[in-house]
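A quick write-up on the structure given underneath.
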Amino acid sequence: MKTIFDTKIIPREICHTEREPVLMKGRVKEWPAIKKWTWDYLKTLAGDRVVKLVVGNREHAPTQFTHLKLAEYIDILANPDTRAHQDKLYLKEFNLFAEFAELAQDVQYELFFPWYVTPGKFAWVGEKGAVTGLHFDIFNNFLTQIQGEKTIFLFPQDKIDRAYWSNKFDYGARISTLDAFETNSQPSPLEPIVVNIVPGDVLFIPKGWWHQVKSITPTISIASFMVSVRDRWTTELWENTRKFAHNQGLYKKGNCTCHNQST
């Protein structure tokens with residue numbers, strides 16, 4: 001895996017040429033969001049808005065959601081030890097810029113995406129200790145770290161045997177039954193690429209690369225999944241067909257990351 005310290009590197013050149021993860025250290029450290037998006041500031045925007053939060057690790061455990069006022073969730077993030085022994089809450093796939101249009105001026109994505117891709121930018125806001133289970137995405141992704149620190153374990157697709165792929169439906173991704181953070185759960189030793197990202201870092205995760213993520217502190221990340229023109233009529237079309245069938249109860253009903261499951 002490459003690590004690049006040149007903050008002038010143009011990210012779209014990375015995703016056009018690389019097929020392995022690339023860490024761009026400090027690439028966006030000058031973005032206004034890095035200093036501006038404090039918990040206090042975000043709480044002033046939250047108002048009475050209610051958000052849907054993932055409870056625990058939905059990739060490996062039954063999927064559970066809860067609803068909370070965003071301002072109340074921000075209070076939890078600002079005081080990370082108040083829920084030390086409870087299942088962690090995670091605001092995932094949150095359309096931040098649709099909810100708070102003024103935040104778009106605090107990020108500068110102009111040099112990130114080739115002309116032939118449409119990016120979908122979503123915020124991931126997690127408690128200290130929040131985990132996303134082992135999975136790979138079907139589209140390339142720039143993971144941009146705004147607040148806090150994350151640890152990420154990465155593996156090429158061929159390192160996880162098909163026998164350890166989960167049957168659970170997750171739109172845009174495929175899940176493993178393995179827990180990369182628990183060595184006792186593995187059939188044989190896995191040797192991950194271990195990456196820590198801090199505010200200002202950008203990690204390029206190519207499609208098909210397995211990764212598992214943990215928030216070391218309360219975090220804000222922006223995932224930018226890139227759908228090319230070709231993807232739109234192939235991969236995305238098929239994925240949307242699967243999603244439609246799932247939502248109609250025709251495909252993997254009750255076995256997914258998008259609906260509450262009984263414990």
I need a count of the residues in region 183-238 that are acidic (Asp, Glu) and either in a helix (DSSP H, G or I) or under 15 Å from CYS15 (Cβ atoms) (or both). 2
Considering only region 68-91, I want to know if a residue exists there that is surrounded by fewer than 17 Cβ atoms within 10 Å (Cβ to Cβ), touching a strand residue (DSSP E or B) at 6+ places or on another chain (Cβ under 8 Å), assigned to a strand (DSSP E or B) and at pLDDT 95 or above. yes
Subset of region 1-38 [in contact with a Pro (Cβ under 8 Å, 6 or more places away or on another chain) and assigned to a helix (DSSP H, G or I)]: ARG12, CYS15, HIS16, ILE34
State whether one or more residues within region 188-199 are at pLDDT 95 or above, of a type in the set (Asp, Glu) and at negative phi. no
Can you find a residue in region 114-121 that is in contact with a strand residue (DSSP E or B) (Cβ under 9 Å, 6 or more places away or on another chain), at pLDDT below 95, in a loop (DSSP other than H, G, I, E, B) and not β-branched (Val, Ile, Thr)? yes
Quick one: LEU103 ticks every box in (1) modelled with pLDDT of 95 or more; (2) over 13 Å from the mean Cα position of the chain (by Cα); (3) outside any helix (DSSP H, G or I); (4) closer than 15 Å to SER224 by Cβ bar one, so which box is it? (3)
One residue from LEU23, LEU53, LEU42 being in contact with a Phe, Trp or Tyr (Cβ under 7 Å, 6 or more places away or on another chain), at pLDDT 95 or above and buried (at least 18 other Cβ atoms within 10 Å of the Cβ): LEU53
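The values are calculated or read from the model by the stated rules, or taken from the named source; none is laboratory data. Remember, predicted model here, so these are calculated numbers, not experimental data. For neighbour counting, all protein chains shown are included, and Cβ atoms are generated from backbone atoms with ideal geometry for every residue, glycine included.
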